[in-house]
Every structure is written in C-alpha cells, then in structure tokens.
C-alpha cells in the first residue's frame, strides 16, 4: 500500500508515529506492518496514543529502549527487535556490546545497577506479571512515582505489539535482519 491509498486521518496517524520514533520526514514508505494496522484505524488510533505517550514519556530514552529491546527479545518479535535495535542506537546511544547484553538479559556482566534493574523489571513482568519489591526498590532510587508507573505500561504496550506482529507474521522490510539485528 502507498500513502496515496490512505485517508488524511490515517496519514496523520503515520506522521504521529514517525515523529515519536524520530523518523519524521525520513521516508514516505509505509511498511507492511503499518499498512496492516492502518486497516483498523480505531484500534490504531488508540494504540498510537499510548505508543506516543510512552515514547514521549518520562522515562529516559535509554531506559525506554532497553525495556523495549528486552521485551522484543523475550517475545522473539523480529520486527520489534530489529526496529528498536536501530532506534536504541540512534536515539539512546545504546552500543552494539550492550545490544548483545540485552540478549543475555539482566544477568549479563557489565550492566550498571540501574540498567540491570530495568531489564530485570521486564523479565519479572513477563514471567510473574509484576515487578518484585527488590527491583522496584532499586528503580525507586532513580525513578519518581510517575516513572515507576510508566515502566510497566511501556512493557505492556510493547508486549501487545509483539503479540500482534508475531500473530500476523509481519514480513520484515527489505534490509531488516529481525532477531539477527545488532
């Protein structure tokens, strides 16, 4: 599908998503993923509002991208993982070495305590549907109350994205390496 096939309000949603991801003006192309979800504008509109809220939220870009990457890896979501490897590097300064550590998770050597807690929070949310008291306490040393609330919402948002992308078996765009992306 091309942008010419979409209504103005749907194109506005695409622009909103591009702006939140730091991609505004970079491409007119509409990925298969976006073209698919654009077929359900009501759902996409609600999804976009939450996605933009967490992308422009209170969490530092680094923490946000580490959490999204760990979620994408644990869900084995190739589209989410591949896209956020690039966003994490570009928007949050995450290094190639740290990308490898994200694959290992919170037990990888080299993480600072706060980074380790962000990754552990994701692992706990996906494993136990809650962040442990110990991890919460570590995060509370650097996060305020609103940031503490935002982290589980962020993870839930990207868990939902991974579920949908994996279920739809979204085809990776040309040049995407999926789970091999580093």
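Every number in this text was worked out from the coordinates using simple rules, so none of it is lab data. Note that the structure is a prediction, hence the values are computed from the model and not measured. Every residue, glycine among them, receives a Cβ derived from its backbone with ideal geometry; neighbour counts consider all protein chains shown.
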Selected residue (criterion: surrounded by the fewest Cβ atoms within 10 Å (Cβ to Cβ)) from residues of the stretch 76-104 that are under 16 Å from residue 162 (Cβ atoms) and free of Cβ contacts under 8 Å to residues at least 60 places away in the same chain: 103
So residue 62, is it in contact (Cβ under 8 Å) with a residue 24 or more places away in the chain and surrounded by 13 or more Cβ atoms within 10 Å (Cβ to Cβ): yes
Identity of the residue in the stretch 29-48, surrounded by fewer than 18 Cβ atoms within 10 Å (Cβ to Cβ) and touching a helix residue (DSSP H, G or I) at 6+ places or on another chain (Cβ under 8 Å), that ends up nearest to residue 159 (Cα to Cα): 43
Among residues of the stretch 126-157, those that are over 21 Å from residue 85 (Cα atoms), touching a helix residue (DSSP H, G or I) at 6+ places or on another chain (Cβ under 6 Å) and in contact (Cβ under 8 Å) with a residue 24 or more places away in the chain, counted: 3
Residue check for residue 72: in contact (Cβ under 8 Å) with a residue 60 or more places away in the chain, surrounded by 15 or more Cβ atoms within 10 Å (Cβ to Cβ) and under 21 Å from residue 182 (Cα atoms): yes
Residue list for the stretch 71-96, filter: assigned to a helix (DSSP H, G or I) and closer than 20 Å to residue 123 by Cβ: 71, 72, 73, 74, 78, 80, 81, 84, 85, 88, 92
Qualifying residue in the stretch 170-178 (condition: assigned to a helix (DSSP H, G or I), surrounded by fewer than 21 Cβ atoms within 10 Å (Cβ to Cβ) and on the phi < 0 side of the Ramachandran plot): no
